[in-house]
Amino acid sequence: QVQLGESGGGLVQPGGSLRLSCAASRTIFSINAVGWYRQAPGKQRELVARIISGGRTNYADSVKGRFTISRDNAKNTVYLQMNSLKPEDTAVYYCNVLAAMRDYWGQGTQVTVSS
């Protein structure tokens, strides 16, 4: 059994920053990609950022230049650095790991951007 635990969410003012972390309870083998998704009330869940096993990254157009995804394999952790936050970034953010045999999802962490 592998569990993903997200942390780092909270309430910030527009223009502020947050760093989300997603830690796996143990090493996951044969990972194809890791990513961050978000879902706002009444909206579909959308891909925010992902990083593949080779290190290539992809970002949603809405967050390019503001968000950065990174990983620390030794710590079984993936991060999402979020800068210049906007109210439209408000959502529950979920960590996702795509492995050879199955997908893993975290429970989500709330990010609220408001003045």
- Of all the accessible heavy-atom surface of the chain, with the other protein chains kept in place and a 1.4 Å probe, what percent is carbon and sulfur? 46
- Output the relative contact order of the chain, whole-number percent, from Cα pairs under 8 angstrom with separation of 6+ residues. 37
- the stretch 1-82, accessible area per residue, ligands and nucleic acids excluded (1.4 Å, Å²): 58
- Straight-distance crosslink candidates among lysines, where the alpha carbon sits under 16 Å from residue 86 and sequence neighbours closer than 8 are dropped: 64
- Query: Among residues other than residue 63 whose Cβ falls under 12 Å from its Cβ, what is the net charge (Lys/Arg +1, Asp/Glu -1)?
  - Reply: +1
- Message: Just to verify a number: FRET efficiency for residue 11 and residue 62, C-beta to C-beta distance, R0 = 22 Å, to 0.05?
- Response: 0.60
- In nanometres, the difference between 0.36 nm per residue of separation and the alpha-carbon distance of residue 115 and residue 43 is 23.7 nm
- Calculate the spin-label point distance for residue 29 paired with residue 70, positioning each point 7 Å from the Cα along the beta-carbon direction, and give it in nanometres. 2.9
- Just reorder 104, 93 by solvent-accessible area, largest first, 1.4 Å probe, all chains present. 104, 93
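With a 1.4 Å probe and all protein chains in place, put 56, 66, 45, 102 in order of accessible area, largest first.
56, 102, 45, 66
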- Given the convex hull over the Cα atoms of the chain, what projected area results after averaging over all orientations, in nm²? 6.9
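The values are calculated or read from the model by the stated rules, or taken from the named source; none is laboratory data. Remember, predicted model here, so these are calculated numbers, not experimental data. So basically every Cβ, Gly included, is an ideal-geometry build from the backbone, and we count neighbours across all protein chains shown. Keep in mind that these areas ignore ligands, DNA and RNA; they rest on the heavy atoms of the full protein, side chains included. Shrake-Rupley method; radii C 1.70, N 1.55, O 1.52, S 1.80 Å.
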